[in-house]
Structures are given as C-alpha cells and as structure tokens.
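The next block holds one structure in the form of structure tokens; read it before the comments.
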Amino acid sequence: MIRKKKNPVLRTRLPTLPPAARSRVALGLTAAAALGRFELQQCRDCGAVQYPPREACQRCLSIRLAWKSQSGQGELLAATVLHHSNDLFFRERLPWRLGLVKLDNGPTVVAHLHAAVPAAPAAVRVSVRLDRAGQAVLVAQPDKETSDMAEDRQLREFTCDPRLRKVLVTDGKTAVGQALVRALAAAGAEIVWVGHAEPWKKFAGFDELKSIPQVTLVPLDVTDSKNVRELAAEIGGKVDILINNAELHRAFGIGNRHGVETARAEMDVNYFGLLRLAQEFGPAMRSRGADGLASAVAWVNLLSIYALANFPPHGTFSASKAAAQSLAQCLRAEMRPAGVRVVNVFPGPLDDEWSQLLLPPKLAPAALAAAIVKALRDGVEDVYPGDVAQEWLERWRDNPKALERELST
Ligand SMILES: [Zn+2]
C-alpha cells in the first residue's frame, strides 16, 4: 500500500461516526473491548452463551449472567457486500463487506468481514474492536493470520496502526522515549517527530536516534506554553498519532520532604504538560479525524498504575498521574466525536532510575514500547502492560480498597 499525497482541491471529509446507540447492558461488550478482550454473556444457570447482550438469558430467562472471555472461533455461513447505505459513515466508505458467523460456542453474529476471508463456508476468528464512535463491533478475520492482515481497508477503520502514519513522541530523551521511537520506526511509521526539551544539549542515545531515517528531532518542552504553541503551529496539522511520554518522576511522599516545589514540577510536566499539548494539538487533530488514509487517529498518554491507587513512596508522582488520568478522560470525550482515539497506558514500575529500590519484576522500556505499538494496532483504549500492571488491574477491579491498602504497606 502506498500512501498518496492528499489532493488539495478535494474537500476535507468531515468526521462522521458509525451509529453509536447501544443498550446499557451492551456496554459490557465495549468495556471489555477497551481492554482488547472479547467477552460475551454466559448464563450461570444453563451455561448458554448469548449475543447480542440482553438483560436475561434467552434460553432459560435467568438474570444470572456473567461476562466470559471468548475464543472467537467460528464458521462463516454467508457473506454480503453493501453497495448502498443510508448511514453517513458507511456511505463514505462503500463498498463494505459483512458476514454471518456461527460461533463454535453457540450464538450466530453479524460481523464486519476482513477482505482476506474467503467465500462461505470458511473458518474464521471473530474479535471485538472499538469503532470510530468508541463502541464495540465484531470483526471476522481469516482463521490463520497473514503478514499483511493489518492493511485491510475496513480493519484500518477500527485500528490506529502506526504504519505509514506521522507520529509525534513528546520526549526522546528517556529510555522509554527512545524505545518508542525505535518501535514506531520498525512498525513502518512514515515520520517520527521526536521532542527534546533542551535542543542545545546532546543526550545519551542522541546520535542513534538521529541515525533512524524517519526521525526528525524537534524542540519541545511541555512546560513551556509558547514552545508547545509554536510546534503545534508548525506540525499540528500533520500529526496522525501523538504519544505523550513526557513525565517527571521523583520518589517522595508527603512527610519526607518540605515545600511543594518537587510536587509542582511533577504537576507541571505530568498534568499541565498534557493540558498544554491537548489545547494546542487537540483542535488540529480533531479537524483531521476523517481524512481517509491521512486521518489523525490516536492520542496516547503514558500514565501509571499509580494513577488508580496511590503508592506512598512515590506519593506526589501518583497524585500527578491521577490528575492526568482525569484530564485524559476529558480529552477522550472531546476527541471521540472526531473519531480520534485516546489511549491511556498504565504501566507498573519501570526498569528506570526512579524505581531502583523496588523489587522486580519491572517493565523494560522496550516491552512498554512494544505494548503501546500493539495497542495502536489493536485499537484498544486502555493498556496495562506487563504482569505487575495486569495483576494490579485485576485486584483493583475486584476491590479498589484492597489495592489501596496493599500499596500502602
Ligand atoms: Zn440460561
């Protein structure tokens, strides 16, 4: 696939969204999809798996329903291609392929059909994706993955694959920033702008970054409103994916330090930095949410598992990340109408200088970068990379109070 230059005479497509109305109970499907999980309701009494989601079991009318993980294996029964639609979103994207799939564990579902799925009958794997409106939809792909699977035109409407896209990474100085840049270049990003706060200084890894062909270093200090505005004026109209990894991390609680300077500096980068970026880059990205292959598609925030529950030895850092998470939810609500996905990343302790005193396992920068690229490819909203983050997520979902206690002892 070659990304063609945009014809400036053609109109810019205004963002339209696929139909978003869902019942309250169907939001269970969306909640799992935000984490990249395919879950359907299963009856605790008779064991039936059902779709679409309902208030009661369609076989025995029990209301004891639980969301259970699904393999998605099934058989394509029939396929069709839409050449006409009364829906604005689909009308812009015709023709569109749909299929009827009988899942191995029971229900028959209507799914968007990947171009590589052969004519019925065929073995397929159904997965759940978030569409541009942020709602869960089902997608059927061939049973066996092929290398160019992600290139499918329909699938790309649900994902934020960095391939052939222009990406801004806000801080190239850190190990995480540099791992991200390498991962994005390897994933086929067309341009990677890399921010560095003090352009007159060389930093460790500088020469290696500069040697990557897609990389352009740009001066970016997220604590400087004027600097953020100037960079947005220069490249804001071209950024397809913005990854805000700029963060300030100090290991202090409340009692072991006087004054508020450190906490203020953390807020200035971790919270106000996000706000400055969102105010300057947000509007341009929102206006480019539907520009075909050249659309703005995603905004990624590097948060922390400590945004969910405070880790007292890193207390002020945790608080700044909790504030950033709340702001990121606001940004998500504002970006959604344009179809731009806000992805929040919640890693556990990283293998970096601020977590030296913590016991392993700690997340390596390269593993975090790989998880972010995968999240963009899968089109998920919330990412908990690594075993520690996954375990804490489960505990927090189970009982937020238990996690708070555990982190404080
Ligand atoms: Zn039942």
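The values are calculated or read from the model by the stated rules, or taken from the named source; none is laboratory data. Just so we're clear, the structure is a prediction, and the values are computed from it rather than from any experiment. Cβ atoms come from the backbone with ideal geometry, glycine included; neighbour counts cover every protein chain shown. Side chains are part of the model used for accessible areas, which takes the heavy atoms of the whole protein and leaves out ligands, DNA and RNA. Shrake-Rupley method; radii C 1.70, N 1.55, O 1.52, S 1.80 Å.
Observations on the model:
- For the chain: rounded, prolate or oblate by the Cα gyration tensor [a/c cutoff 1.5]: oblate
- Computed extension length for Phe206-Arg91: 36.7 nm, one decimal, from 0.36 nm per residue of separation with the Cα-Cα distance subtracted.
- Between Asp143 and Arg125, the built amide H atoms are under 5 Å apart, and every one of these is 5 or more places off in sequence or on another chain.
- Tyr271 accessible area, 1.4 Å probe, all protein chains in place, Å² to nearest 10: 50 Å²
- Backbone amide hydrogens, once placed in the peptide plane, bring Val300 within less than 5 Å of Leu242, Ile243, Asn244, Val343, excluding anything fewer than 5 places away on its chain.
- Protein-only accessible surface at a 1.4 angstrom probe places the residues Lys202, Lys362 in the order Lys202, Lys362, largest first.
- Share of carbon and sulfur in the accessible heavy-atom surface of the range 126-260 [1.4 Å probe, %]: 53 percent
- Shown here for the range 131-160: GluC sites (Glu not before Pro) in loop regions (DSSP other than H, G, I, E, B) with at most 16 other Cβ atoms within 10 Å, namely Glu145.
- Shape of the range 172-273, Cα gyration tensor, a/c cut at 1.5: prolate
- Antiparallel %, DSSP beta bridges [both residues in the chain], to 5: 55 percent
- Alpha-carbon Rg with Dmax, taken over the range 219-282, Å: 14.0, 46
- Solvent-accessible heavy-atom area per residue, rounded to whole Å², over the chain at 1.4 Å: 47 Å²
- Using the Cβ-Cβ distance between Thr262 and Asn399 with R0 = 25 Å, the FRET efficiency computed as 1/(1 + (r/R0)^6) comes to roughly 0.20.
- Between Gln390 and Glu75, the simple spin-label model (points 7 angstrom out along Cα→Cβ) gives 3.3 nm.
- Comparing Ile243, Ile372, Ile212 in a Gaussian network model of the chain, where Cα atoms under 10 Å apart are tied by springs, the biggest mean-square fluctuation is seen for Ile212.
- Under 5 Å from the amide H of Thr16 lies no amide H of any residue 5 or more positions distant or on a separate chain, with H modelled from the backbone and absent for Pro and chain starts.
- Relative contact order computed over the range 291-364 (Cα-Cα under 8 Å; 6+ residues apart), in percent: 36 percent
- Computed from backbone phi with θ = phi - 60° and the Karplus coefficients 6.51, -1.76 and 1.60, the 3J(HN,Hα) list for the range 142-158 is x, 4, 9, 5, 10, 5, 9, 3, 6, 6, 3, 4, 5, 4, 5, 5, 10 Hz; x is used for glycine and proline.
- Candidates Arg93, Arg125, Arg64, ranked by Gaussian network fluctuation over the chain, Cα under 10 Å, top entry: Arg64
- Over 25 Å (Cα to Cα) - which of Lys210/Lys321; Lys68/Lys102; Lys202/Lys374; Lys173/Lys321 fall in this group: Lys210/Lys321; Lys202/Lys374
- For the range 190-202, backbone phi angles converted through the Karplus equation (6.51, -1.76, 1.60; θ = phi - 60°) give residue-by-residue couplings of 6, 9, 10, 7, 10, x, 9, 6, 10, x, 7, 10, 7 Hz, Gly and Pro being listed as x.
- Label zone at Ser23, where the point sits 7 Å out along the Cα-to-Cβ direction: the range 114-147 residues whose backbone N lies under 19 Å: 135-138
- Table column - 3J(HN,Hα) (Hz), the range 294-306, Karplus curve with 6.51, -1.76, 1.60, x for Gly and Pro: 9, 6, 6, 10, 8, 10, 10, 10, 7, 9, 7, 4, 6
- With every protein chain in place, the range 261-365: carbon and sulfur % of accessible area (1.4 Å): 60 percent
- Taking the chain and dividing mean pair separation by its residue count, relative contact order in percent (alpha carbons under 8 Å, at least six apart): 15 percent
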